[in-house]
Amino acid sequence: MARIAIVTGGSRGIGAAISRRLQDMGVTVVANYAGNEDKAKAFEGETGIRTYKWDVGDFDACQAAFAQITEEVGPVDILVNNAGITRDATLMRMTYDMWDEVMRVNLGGCFNMAKAVFPGMKDRGWGRIVNIGSVNGQSGQYGQVNYAAAKSGIHGFTKALAAEGARAGITVNAVCPGYIATDMVKAIDEKVLNERIIPLIPVGRLGEPEEIARVVVFLASDDAGFITGSTISANG
Ligand code: CAA
């Protein structure tokens, strides 16, 4: 039987590229989305990949969605924690809500979804969890104390959960993208992007979503069974 994967934030940007690549590998993919219904439905029509709407930052919503997916699609073997948001501002201007929303979705979402999938993976003796970090969680970024803290937290989460999954055939790894040509990066002020960010990328360009997806599908494959607790950077 084909393996089943959940990709959070899986209908747009990096997540959409991951969903498509997993599907190319013969995996049955379920793509989560939170907001953009039109784009999600268009993606579903184009790819045949089922999309489900829920907020990964909401623990109960994750439990309910997981139960529904298990019933309608089957047991989940692969989880890609990709959903992420930005609420950029300097600390001086950042409100508590901007901090909390980013922590709740970007880091809390990893916990909520892992809680849902981990017991079944353990019972079946096989699982793959890939968490999407960020170069900005490794190096920090002006205007992103919330996002950098959440993405940095993903590394500790990944290493700790990798230790817990190791004997049960579950690998847990992180992929850290650099600046990738997605809506999230295109939303940055053009002057900031061109003067402050792109000049610091040694290859001199933004990455493509597929350049992240290729790393993720490798980590999700049988071939990567001896890699766990690792962080792979793909940041140009
Ligand atoms: N490093 C150092 N100084 C910087 C800076 C930087 N990266 N960016 C801005 N500054 C300076 C500016 O030059 C300016 O200085 P002066 O007052 O002396 O001119 C000062 O900080 C204020 O800058 P802004 O006018 O931009 O301040 P703002 O309050 O209007 O905006 C901001 C602040 C929203 C954080 C804006 O700078 C910004 O959008 N920065 C980009 C943040 C970023 O990189 N986000 C990544 C989003 S994509 C992503 O997160 C995906 C991923 O994983 C990689």
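The values are calculated or read from the model by the stated rules, or taken from the named source; none is laboratory data. Bear in mind the structure is a predicted one, so any value in this text is a computation, not a measurement. Cβ: placed from backbone, ideal geometry, glycine included. Neighbour counts: every protein chain shown.
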Qualifying residues in region 134-150 (those that are assigned to a loop (DSSP other than H, G, I, E, B) and over 19 Å from S230 (Cα atoms)) - the one farthest from the ligand (Cβ to nearest atom): G140
Subset of region 166-184 [away from the ligand (no atom under 16 Å from the Cβ), buried (at least 22 other Cβ atoms within 10 Å of the Cβ) and of a type outside the set (V, I, T)]: N173
Spans of helices (runs of 4 or more DSSP H) in region 1-77 with at least 3 residues within 16 Å of the chain's Cα centre (by Cα) and crowded, with 21+ Cβ neighbours inside 10 Å: 13-24
Close pairs (8 angstrom Cβ cut-off, 6 or more residues apart or separate chains): more than 20 Å from V215 (Cα to Cα) in region 164-189, near the ligand (Cβ under 7 Å from one of its atoms) and assigned to a helix (DSSP H, G or I) anywhere: I188/I197
Boolean, T158 is free of Cβ contacts under 8 Å to residues at least 60 places away in the same chain, more than 11 Å from the ligand (Cβ to nearest atom) and buried (at least 22 other Cβ atoms within 10 Å of the Cβ): no
Restricting region 92-133 to residues that are in a loop (DSSP other than H, G, I, E, B) and within 10 Å of the ligand (Cβ to nearest atom), the residue that is nearest to A31 (Cα to Cα): G133
Qualifying residue in region 208-216 (condition: farther than 17 Å from G133 by Cα and surrounded by 16 or more Cβ atoms within 10 Å (Cβ to Cβ)): no
S134 within 15 Å of L107 (Cα to Cα) and at pLDDT 95 or above: yes
Lone qualifier among A65, A61, A31, A40 - being in contact with a strand residue (DSSP E or B) (Cβ under 7 Å, 6 or more places away or on another chain) and under 14 Å from A114 (Cα atoms): A65
Residues (among the β-branched types (V, I, T) and away from the ligand (no atom under 12 Å from the Cβ)) located in region 185-210: V203
Matching entry among V76, V80 (being in contact with a strand residue (DSSP E or B) (Cβ under 6 Å, 6 or more places away or on another chain), closer than 19 Å to G178 by Cα and away from the ligand (no atom under 13 Å from the Cβ)): V80
Contacts under 9 angstrom Cβ, first residue in region 38-61 being over 15 Å from C110 (Cβ atoms), partner part of a loop (DSSP other than H, G, I, E, B) and β-branched (V, I, T), 6 or more apart: F43/I49; R50/V73
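Yes/no matrix, rows are residues, columns are (1) under 26 Å from R3 (Cβ atoms); (2) surrounded by 20 or more Cβ atoms within 10 Å (Cβ to Cβ); (3) free of Cβ contacts under 8 Å to residues at least 24 places away in the same chain:
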position: R93; (1), (2), (3): no, no, yes
position: M98; (1), (2), (3): no, no, no
position: E101; (1), (2), (3): no, no, no
position: A114; (1), (2), (3): yes, yes, no
position: M121; (1), (2), (3): yes, yes, no
position: W126; (1), (2), (3): yes, no, no
position: Q138; (1), (2), (3): no, no, no
